[in-house]
Structure formats: C-alpha cells, structure tokens
1. Out of 60, 41, 83, which single residue is surrounded by fewer than 12 Cβ atoms within 10 Å (Cβ to Cβ) and at pLDDT 95 or above?
2. For segment 94-107, check the following and say yes or no: at least one residue is exposed (fewer than 11 other Cβ atoms within 10 Å of the Cβ), at pLDDT 95 or above, within 18 Å of the chain's Cα centre (by Cα) and more than 17 Å from residue 29 (Cβ to Cβ).
3. Could you tell me whether residue 119 is under 25 Å from residue 39 (Cα atoms), touching a helix residue (DSSP H, G or I) at 6+ places or on another chain (Cβ under 9 Å), part of a helix (DSSP H, G or I) and at pLDDT below 95?
4. Give me the pairs, please: first residue somewhere in segment 85-100 and assigned to a loop (DSSP other than H, G, I, E, B), second residue anywhere and surrounded by fewer than 17 Cβ atoms within 10 Å (Cβ to Cβ), beta-carbon distance under 8 Å, and either six or more positions apart or on two chains.
5. Within segment 47-57, which residues are exposed (fewer than 11 other Cβ atoms within 10 Å of the Cβ) and farther than 16 Å from residue 122 by Cβ?
C-alpha cells in the first residue's frame, strides 16, 4: 500500500535513482585495481633497490624484460580503470547538469585513452 508520504520520500520500486549508484561492482573494482597498482609499486621499488646498474641502462634493462612489460601494462590498465571509476563518480555526484556531465565524462574517457595509448607506445618502445 502506497501512501502519499512514501511517494514524497521516493521510497519503493519507483524511486528516482541518480548519481553514481553502481554499488558492489565499482567498490570491488576500485579495491582490486588498487591492489594491482600497489603490488606494481612494491615490485618497482624493490627492482630499483636491487638493481646493479642505476641510470638509464638499468631502467632500460628492467623494462626490456617481457614480464615487466606485461606487469606494467596490467598496472597501467588498472590505473586507467581506477581513475575512470573515481572521476566518473565525481562527475555523477557533483555535476547535476546532464549536458555538462556528459561532456566531462566524454573528455575524461578521451583523456584516459590518450594517456593509455601514449604510455603503451612508450612502454613497447624500450
């Protein structure tokens, strides 16, 4: 039974849902991508500490290894998705005008894709 107070409070199956209400999926994605990024940071830090040749030669040697390229690519993809979820939620929570929010989201997608392509180009050049 629906009362007038229920409809005024938008309670029930016909309530208006706005904002970044993606729930568990995005919460879990943020945690998993953060773990990947954190693990990559630790591996990179340890690799720098244990390198025998500091400088360009050491960096080039580290990133010339296939496992490091693949791990860096995985961390890069995790970083891009992590950033997308976070920035998208900011736009959805704080920008109420639909046109402006859509423009900001499109700009964010293009920016992240551009940064990702550029980073991959740099990574595979080594």
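1. Every option except 41 fails the conditions.
2. yes
3. Taking the combined requirement at face value, the residue satisfies it.
4. Taking only residues 6 or more apart or on different chains, the pairs are 95/101.
5. 49, 50, 52, 54, 55
The values are calculated or read from the model by the stated rules, or taken from the named source; none is laboratory data. Fair warning: this is a prediction, and the values are worked out from it, not measured in the lab. Using ideal geometry, Cβ is built from the backbone for each residue, glycine included, and neighbour counts are taken over all protein chains shown.
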